[in-house]
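These notes concern the structure reproduced below.
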Amino acid sequence: MDVQMVRAIAMALPDVVEAPHFDYASFRVKGKIFVTVPPDGHHVHVFVDEQERLLAVEMYADAVEPLHWGQKIRGVRVDLSRATPEAVEHLIRAAWRNKAPKRLVAAAGMAGPAA
């Protein structure tokens, strides 16, 4: 798994744009960041909700850890060298659903955790 694959997954989702966020790359839906790529290019930060974060840390323990952003945990940090493409895609889609407007999620047919 690499950053190019992350980019392809994120950009395939509806209304996504890539934009800089300080020295990170970011993927946004309707202006809201759902994934950032640190300059090292070996990790991604995926902004999932608490339930998804807890599940991901348990399911993908060797590749995922809680993401501390300021004083709070905001999602997960994913080690791309250890993560499976399926896990990364699942997390990116969950983060997109978490940040996208509900109407856009419904129109894309991606409502619910199984999407």
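No lab work stands behind these numbers, since they all come straight from the coordinates. Note that this is a predicted model, so its numbers are computed, not measured. Neighbour counts run over all protein chains shown; Cβ positions are idealised from the backbone, glycine included.
Summary table
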{"quantity": "Conditions (1) under 19 Å from ALA111 (Cα atoms); (2) of a type outside the set (A, V, I, L, M); (3) in contact with an Asp or Glu (Cβ under 8 Å, 6 or more places away or on another chain); number of the one not met by SER26", "calculated": "(1)"}
{"quantity": "Candidate set: segment 97-111, residues that are in contact (Cβ under 8 Å) with a residue 12 or more places away in the chain and part of a helix (DSSP H, G or I); chosen: the one surrounded by the fewest Cβ atoms within 10 Å (Cβ to Cβ)", "calculated": "ALA107"}
{"quantity": "Among the candidates GLY31, GLY41, residue that is at positive phi and in contact (Cβ under 8 Å) with a residue 24 or more places away in the chain", "calculated": "GLY41"}
{"quantity": "Residue list for segment 71-90, filter: buried (at least 16 other Cβ atoms within 10 Å of the Cβ) and in contact (Cβ under 8 Å) with a residue 60 or more places away in the chain", "calculated": "LEU80, ALA83, VAL88, GLU89"}
{"quantity": "Subset tally (residues that are free of Cβ contacts under 8 Å to residues at least 24 places away in the same chain and either part of a strand (DSSP E or B) or small (Gly, Ala, Ser) (or both)) for segment 1-26", "calculated": "10"}
{"quantity": "Lone unmet requirement of (1) touching a Gly at 6+ places or on another chain (Cβ under 6 Å); (2) in contact (Cβ under 8 Å) with a residue 40 or more places away in the chain; (3) not in a loop (DSSP other than H, G, I, E, B) for ARG93", "calculated": "(1)"}
{"quantity": "Residue satisfying condition, being of a type outside the set (S, T, N, Q), within 11 Å of the chain's Cα centre (by Cα) and crowded, with 20+ Cβ neighbours inside 10 Å, within set ALA63, ALA94", "calculated": "ALA94"}
